[in-house]
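Worksheet for the structure shown next.
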Amino acid sequence: MSGAFCAENSMPPLTLVAALQGTERATGMDLNKLLVLGEHLESIAPKYRASGHPELSIIDNGVLAHQIPGGMISNLTGQLKEMNALDRLDEIYLEVVQTRKDMGCPPLVTPVSQIIGRKLS
């Protein structure tokens, strides 16, 4: 069937690749390379959405690496825009990961996300 989706030919979800890292069932795929590829695909997705493929949606696969929930990213990017420092977002991602480790890896939900976000601003 031409144009049909074939699951056996698709790449595994990034979440699965991330979840299996460090286990005997690890895929051997480089998650960072997959994230870069995902960014590229997201950059060209609007072209295909406009041509009749509304099922394409923007998904932040980077969350697999930095583990920051979308709401927290929105707040951080808003603060960085106000400070004219949006170019430092990647530094913030790394700092959030380290700060969370220093705190014993709590889940990034309110109020923890607010505390970490406040520390970074």
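The values are calculated or read from the model by the stated rules, or taken from the named source; none is laboratory data. Computed from a prediction, not measured in an experiment: that's the story for all the values here. FYI the Cβ positions are ideal-geometry reconstructions off the backbone, even for glycines, and counts take in every protein chain you see. Ligands, DNA and RNA are stripped out before the accessible areas are found, and what is left, the full protein with its side chains, is counted by its heavy atoms. Shrake-Rupley method; radii C 1.70, N 1.55, O 1.52, S 1.80 Å.
Go through segment 23-41 residue by residue and tally those that are assigned to a loop (DSSP other than H, G, I, E, B) and under 17 Å from the mean Cα position of the chain (by Cα).
Of the residues in segment 23-41, the ones assigned to a loop (DSSP other than H, G, I, E, B) are 23-30.
Restricting the remaining residues to those that are under 17 Å from the mean Cα position of the chain (by Cα) gives 29-30.
Matching residues across segment 23-41 total 2.
Scanning segment 77-94 for residues that are farther than 16 Å from Val63 by Cβ and open to solvent by less than 80 Å² (accessible area, probe 1.4 Å) yields Gly78, Gln79, Leu80, Ala85, Leu86.
Please specify each residue of segment 66-100 satisfying the condition of being of a type in the set (Lys, Arg) and modelled with pLDDT of 85 or more.
Lys81, Arg88
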